[in-house]
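Have a look at the structure below, then the notes.
The values are calculated or read from the model by the stated rules, or taken from the named source; none is laboratory data. Worth saying up front: this structure is predicted, and the values here are computed from it rather than measured. Quick reminder, even Gly has a Cβ in these numbers, built from the backbone with ideal geometry, and neighbours come from all protein chains shown. These area figures cover heavy atoms from the full protein model, side chains too; ligands, DNA and RNA do not enter into them. Shrake-Rupley method; radii C 1.70, N 1.55, O 1.52, S 1.80 Å.
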Amino acid sequence: MSMNWRNISLFALVALLIIGTGMFQSWNLALAILNMGLVSAIMALGVNMQWGYAGLFNVGIMGFIALGGLGVVVTSMPPVSAAWSAAGRELVASLLLGLAVIILAVFSYKRMSPGKLRTLVLIGILVVGFFAYRAVFDPAVQKIEAINPAATGYLGGLGLPVLLAWPVGGALAAVAAWAIGKTALGLRSDYLAIATLGISEILVAMLKNEDWLARGVKNVNGLPRPVPYEISLQQRDSFVAWAQNWGADPVTASSIVVKLGYAGLFLVVLLILIAASEAALRSPWGRMMRAIRDNEVAAEAMGKDVTRRHLQVFVLGSAVVGLAGAMMTTLDGQLTPASYQPLRYTFLVWVMVIVGGSGNNWGAVLGGFVIWFFWVQVEPMGQALMGFITLGMEDGSALKAHLLDSAAHMRLLTMGLIMLLVLRFSPRGLIPEK
């Protein structure tokens with residue numbers, strides 16, 4: 001099979017941009033861009049599975065990323081013993097009670113014949129169940145959140161290795177996607193977009209307000225890391241000697257080594273996912289998904305269960321997005337629910353998929369790197385450009401002040417410009433679907 005030199009040159013260009021950042025700015029910045037580029041590529045890969053494979057317009061990406069971050073907290077943070085002793089059992093009992101109410105309502109709906117009696121029974125189950133659930137849940141939450149709220153005020157996690165938290169984050173997103181898909185995938189594409197957007201906002205609002213779960217807007221800091229801490233490396237005589245042999249400052253060298261460790265882990269995950277995605281896309285399942293995407297009516301006429309297949313790919317794509325969300329939270333070292341914004345965690349990921357090339361896994365990966373690089377670098381570039389333009393203007397000039405203030409908006413302007421250029425000269429993306 002002949003090599004596609006155009007695609008190779010595009011990836012090589014991105015690599016040169018990152019290397020140039022290291023040479024002319026700092027290697028710490030270059031590696032930070034590389035790490036978030038790898039995470040962004042995985043996010044774009046998950047969205048590409050949904051849109052590129054099956055044509056599912058999911059604008060609730062932010063919610064699945066947030067669930068991935070929650071997976072890191074509930075898996076890797078140590079449990080708060082005082083909170084569990086205060087009301088841990090009561091809280092678990094209330095959650096099980098709520099689940100039992102839902103199961104009973106679904107069972108009654110399926111077993112009873114349609115009519116007024118079924119409606120009354122369902123209303124009765126839900127109303128009585130809701131008040132019973134809150135009667136157990138609310139006192140338990142108050143007791144848990146009263147336990148040292150400045151430092152904890154939540155149940156904590158399971159204290160397991162942080163690498164196990166990544167698949168757990170993917171699993172949480174997959175479970176949520178299954179629940180959403182069972183109710184929303186029968187809707188038209190525009191209704192599906194509205195539903196996923198709304199549910200995404202609900203998930204983030206839950207993280208912000210349920211302090212017992214992950215401290216809400218007080219954030220969870222000090223998450224465990226899969227790589228050493230910089231200070232630990234700096235305290236090792238062997239590492240200090242190694243850094244000095246290379247003529248490097250031990251503090252800078254420790255930061256670079258830690259970022260390289262993250263990059264190695266993220267690269268392994270990305271390569272596994274890209275290999276699995278390419279195998280799936282070229283399999284009979286992948287060809288069937290694209291056939292459903294192109295013509296649902298014809299696929300149904302051939303006996304394919306379109307809704308079921310949509311649910312499959314919706315869950316798979318959301319799991320990959322959740323996995324990326326867990327990786328990003330681990331890289332940050334903290335869970336900050338207030339930072340989850342649609343502009344950053346939905347719109348930007350969609351730009352990555354569109355620019356890279358929907359339906360092509362390598363295109364999604366390329367789009368993740370390209371868009372993240374410009375997202376980081378455009379604002380300082382804009383400030384430098386505006387500084388150069390206003391160099392000869394008088395201080396206090398209204399025009400100078402306006403131009404300098406406009407540099408803060410260069411990110412959004414550049415994202416729009418990139419999309420316009422790509423859609424004009426390469427409508428199917430930088431690496432189009434074959």
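Just a few scattered comments:
- Cβ pairs under 8 Å, 6+ apart, first in segment 377-395 and assigned by TED's automatic domain parsing to the domain that holds Ala408, second outside any helix (DSSP H, G or I): Thr390/Ser397
- A single member of Val240, Val204 is in contact with a helix residue (DSSP H, G or I) (Cβ under 8 Å, 6 or more places away or on another chain), under 16 Å from Leu70 (Cβ atoms) and among the β-branched types (Val, Ile, Thr), and it is Val204.
- When the test is whether a residue is assigned to a loop (DSSP other than H, G, I, E, B) and closer than 21 Å to Ile8 by Cα, Gly392 does not pass it.
- If only residues of segment 109-134 that are small (Gly, Ala, Ser) and either surrounded by 12 or more Cβ atoms within 10 Å (Cβ to Cβ) or at pLDDT 95 or above (or both) are counted, the one that is farthest from Trp212 (Cα to Cα) is Gly124.
- When segment 377-403 is filtered for residues that are among the hydrophobic types (A, V, I, L, M, F, W, C) and surrounded by fewer than 16 Cβ atoms within 10 Å (Cβ to Cβ), the ones remaining, listed by number, are Met381, Ala384, Leu385, Phe388, Ile389, Leu391, Met393, Ala398, Leu399, Ala401.
- Taking (1) out of contact with any strand residue (DSSP E or B) (no Cβ under 9 Å at 6 or more places or on another chain); (2) closer than 22 Å to Val217 by Cα; (3) modelled with pLDDT of 90 or more; (4) open to solvent by 30 Å² or more (accessible area, probe 1.4 Å) in turn, Gln312 satisfies each apart from (2).
- Reported count of residues in segment 252-270, each being open to solvent by 70 Å² or more (accessible area, probe 1.4 Å) and within 17 Å of Gly22 (Cβ to Cβ), is 2.
- When residues in segment 33-55 are screened for being open to solvent by 10 Å² or more (accessible area, probe 1.4 Å) and more than 13 Å from the chain's Cα centre (by Cα), 4 of them pass.
- When each of Ala184, Ala205 is tested for being without any contact (Cβ under 8 Å) to a residue 60 or more places away in the chain and crowded, with 18+ Cβ neighbours inside 10 Å, the lone residue that passes is Ala184.
- Meets criteria (more than 30 Å from Ala151 (Cα to Cα), open to solvent by 10 Å² or more (accessible area, probe 1.4 Å), in the same structural domain as Thr346 (by TED's automatic domain parsing) and at pLDDT below 95) for Val106: no
- All of (1) under 18 Å from Leu331 (Cα atoms); (2) touching a Leu at 6+ places or on another chain (Cβ under 6 Å); (3) surrounded by fewer than 23 Cβ atoms within 10 Å (Cβ to Cβ) hold for Trp27 with one exception: (2).
- Residue check, Ala243 at pLDDT below 95, assigned to a helix (DSSP H, G or I) and farther than 30 Å from Lys304 by Cα: yes
- Subset of segment 1-24 (residues that are at pLDDT below 90 and crowded, with 16+ Cβ neighbours inside 10 Å): Asn7
- Residue within segment 147-163 that is assigned by TED's automatic domain parsing to the domain that holds Gln334 and in a helix (DSSP H, G or I) present: yes
- Residue check for Leu158: in contact with a Ser or Thr (Cβ under 6 Å, 6 or more places away or on another chain) and open to solvent by 40 Å² or more (accessible area, probe 1.4 Å): yes
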